[in-house]
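To keep things clear, I will list the structure first and then write my remarks on it.
The values are calculated or read from the model by the stated rules, or taken from the named source; none is laboratory data. All values reported here derive from a predicted model rather than from experimental measurement. Glycine gets a Cβ as well: all are built from the backbone with ideal geometry, and neighbour counts include every protein chain shown.
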Amino acid sequence: MIPFFKKFQAAQRPRCAALVAAAGSSTRMGGINKLLQPLDGIPVLVRTLTALERAQRVDSIVIATREEDLITVSQLCKTYGITKCKKVIRGGEDREHSVLLAALEAEPDTELLAVQDGARPLVSPTLVDRVIEAAQRCGAAAPAVPVKDTVKAVREDGAVAETLERSRLRAVQTPQVFEASLLKAALQAALEEGAALTDDCSAVERLGKVVYLIEGEETNLKITTPTDLILAEALLAAEEETR
């Protein structure tokens, strides 16, 4: 009875594909592909994919990576049992192009698209599921955490132009989840107009759509520099000690 009930629940929810952005140049890592670097013995990208594999609301995964890494990433999926991965494709010229290419490769019956940075290896399956559930209700959702530091806007000469109200600021994470048709339209419009974007929420916001934020996780950091790898290692070690 319980397995039948779970299948019934799965059939009732919208199908969601996770689009993994893994085609970056890793310039702040000295040219070394950060996604293939070991994190407590397991590649950064694999840890990210494992979280998506374990998330109950993710039905399939499409990975956009660099052309020279296509075979390597495909082999990693086989080695580590990432069975939800349906396609590994060559990424585009920039992030939004890569995400759009991945979105177009999602299965036709996909209703929600969850865009995940390949370089966020500590994201939890629980957070992934919570964001997808929120997007199912409102059409566009992302996780975020309060900004801890005081943030200042500056002029080109470095002079402070404005001190922003910290209580209203949030640092946005991934996955960022959207209705499939909305995300594809937003990315297409951004590319056609040459808009410079830092995340996928920005593309949707340009169309006048509202993105809702839910509580993220402080540990859901993005690996950008060698220091981030050290911090991620420490967080994993601390997690092991508490088990």
* To do: Tell me, please, whether a residue that is out of contact with any Leu (no Cβ under 9 Å at 6 or more places or on another chain), of a type in the set (S, T, N, Q) and under 23 Å from Asp129 (Cα atoms) can be found in region 70-88.
  => yes
* To do: Could you tell me whether any residue of region 95-105 is closer than 28 Å to Glu193 by Cα, surrounded by 19 or more Cβ atoms within 10 Å (Cβ to Cβ), modelled with pLDDT under 95 and not basic (Lys, Arg)?
  => yes
* To do: Restrict the check to region 152-164 and report whether at least one residue is part of a loop (DSSP other than H, G, I, E, B), more than 15 Å from the chain's Cα centre (by Cα), within 26 Å of Val99 (Cα to Cα) and free of Cβ contacts under 8 Å to residues at least 12 places away in the same chain.
  => no
* Before we move on, is Arg137 under 16 Å from Tyr212 (Cβ atoms) and not polar (S, T, N, Q)? -> yes
* To do: Show the residue pairs that are 6+ apart or on different chains and have beta-carbon atoms under 8 Å apart, the first residue being within region 101-112 and small (Gly, Ala, Ser), the second being buried (at least 16 other Cβ atoms within 10 Å of the Cβ) and in a helix (DSSP H, G or I).
  => Ala103/Ala180; Ala103/Leu183; Ala103/Lys184; Ala103/Leu187; Ala106/Ala180
* Under 7 Å between Cβ atoms, at least 6 apart or on separate chains: pull out the pairs that start in region 123-141 with a residue that is at pLDDT 95 or above and end on any residue that is β-branched (Val, Ile, Thr) and assigned to a helix (DSSP H, G or I). => Val123/Thr48; Ala140/Val204; Ala141/Val131
* **Scan of region 185-202 for residues that are within 23 Å of Thr48 (Cα to Cα) and either surrounded by fewer than 18 Cβ atoms within 10 Å (Cβ to Cβ) or in contact with a strand residue (DSSP E or B) (Cβ under 9 Å, 6 or more places away or on another chain) (or both), ordered by number** => Thr198, Asp199, Asp200, Cys201, Ser202
* To do: Return the residue satisfying two criteria in turn: it lies in region 113-148 and is under 26 Å from Ala237 (Cα atoms) and of a type in the set (D, E, K, R), and of such residues it is farthest from the chain's Cα centre (by Cα).
  => Lys148
* Asked: Can you tell me which of Thr72, Thr83, Thr110 is at pLDDT 95 or above, more than 12 Å from the chain's Cα centre (by Cα), in a loop (DSSP other than H, G, I, E, B) and crowded, with 16+ Cβ neighbours inside 10 Å?
  -> Thr110
* Please go through region 50-69 and pick out each residue that is crowded, with 22+ Cβ neighbours inside 10 Å and touching a residue at least 60 places away in the same chain (Cβ under 8 Å). => Ala51, Leu52, Ala55, Arg57, Val58
* Index of the failed condition, Glu218 passing every other in (1) touching a residue at least 12 places away in the same chain (Cβ under 8 Å); (2) within 25 Å of Pro108 (Cα to Cα) -> (2)
